[in-house]
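Have a look at the structure below, then the notes.
No value in this document is a laboratory result; all are computed from the given coordinates. None of these values were measured; they are calculated from a predicted model. As a convention, Cβ positions derive from the backbone with ideal geometry for all residues, glycine included, and neighbour counts pool all protein chains shown.
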């Protein structure tokens, strides 16, 4: 497969902000209240990379560093914990406003949810968040991983007490297998991929991600980004955050750019077709960005991206590697950000846009220049340390 940077621009970004409220500031405040009820909760850092901004001829470059989230090295636990909390609350008849970790630990709730088992498919980070939440709540979790998943990620999940295995299936087929197990065994599936009849739990997962967005705007304060770059797998995180930032900034909404790998660019293909149909990527999606190895869009996420994202970009492998190296080898006295393959792809694209003349057309279309304030989300740390060192230390793969 010939890999190259490809993009399509949204011809009609909506100014109807009402649908964005599903993931907006009011909802995010309720979600964060739940996350704050866990003793492990601390806001993650927003890194102001002033020297990197200067080196790239930008006005500002901010990176939200999710590597310390709940001690799990990735943001995914935000969605996993909130969706499990909501599922337990629904089973026990707890109103959303009363949802806290302490309430879920009370005996009436434990009696109501006894025997519940949660099942999911994951490349690693989401499954680890599900396993962690089930563990702290004293519940069972079963996690299926697609072929090619890193053994380190599998072991991290198993150490939390979940039953986990790597299947000889790609990610989307692993999701279907998990759904079959839900039907067969009466388990509760907790997946951020939505389809007809399965929408409540994916929505809760997406709402869980808005905690990091609420933290970010509070940390930015009076600094308003002109551009936000968001990576997409199925489009759940990027869709939720696109909704949040649209609701929060409204008429001052930054330009939002969605970034995917060439080998799993279902959002880009759906946007490029612009025919009202969700487009998929089939077969093996072997690549370094395991967290984005998803071939079927989340319908709920796509609805936010269709309405409010400005550009959709499909990138080669080397862009993620570039981002890992740039963040891991900081300019001047900038703080080092240890960012994994999926976490660093947006920063890598920004660096390429500002340094690679062959991308002038895309840079111009996005409007990126010396007056731009850029925000990226580093969604994971070195969750596969062997591969991280191979790329950042050795520079061995990809070129």
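Observations on the structure shown:
- Counting beta carbons within 10 Å around each of 394, 265, 140, 334 and listing the fewest first gives the order 394, 140, 334, 265.
- Per-q log10 I(q)/I(0), segment 240-350, q = 0.11, 0.17, 0.19 Å⁻¹ (Debye; single scatterer per alpha-carbon; no solvent): -0.40, -0.88, -1.03
- Expressed as a fraction of 2.2 N^0.38 Å, the C-alpha radius of gyration for segment 1-79 is 1.54.
- Binned Cα-Cα distance frequencies in segment 297-390 - 10 Å width, integer %: 15, 41, 34, 10, 0
- Cα Rg, Dmax (largest Cα-Cα span) when computed across segment 1-44, Å: 18.3, 48
- Taking the Cα atoms of segment 1-159, the ratio Rg/Rh between the radius of gyration and the Kirkwood radius comes to 1.05.
- Panel order for 33, 76, by other beta carbons found within 10 Å of each beta carbon, from fewest to most: 33, 76.
- Kirkwood hydrodynamic radius (C-alpha pairs) into Stokes-Einstein, the chain, 10 °C and 1.306 mPa s, D in µm²/s: 76
- Helical content of the chain, expressed as a calculated mean residue ellipticity at 222 nm, amounts to -13500 deg cm²/dmol (DSSP H runs of 4 or more residues, -39,500 (n - 2.57) each, divided by residue number, nearest 500).
- Estimated translational D of segment 77-198 in µm²/s (Stokes, Kirkwood radius over Cα pairs; 10 °C; 1.306 mPa s): 109
- Each of residue 224 and residue 110 was given a label point 7 Å from its Cα along the Cα-to-Cβ line. The distance between the two points is 5.0 nm.
- Histogram of C-alpha separations across segment 151-285, 10 Å bin width, %: 10, 31, 36, 19, 5, 0
- Footprinting exposure proxy for 61, 70 (fewest neighbouring C-beta atoms within 10 Å first): 70, 61
- In summary, the convex hull built on the alpha carbon positions of segment 128-214 has an orientation-averaged projected area of 6.5 nm².
- Full extension of the chain between residue 152 and residue 41 gives 37.6 nm of extra length, using 0.36 nm per residue less the Cα-Cα distance.
- Inter-part distance, segment 1-67 to segment 98-163, computed on C-alpha centroids, equals 26 Å.
- For segment 46-124, the Kirkwood radius over C-alpha pairs fed into Stokes-Einstein at 37 °C and 0.692 mPa s yields D = 209 µm² per second.
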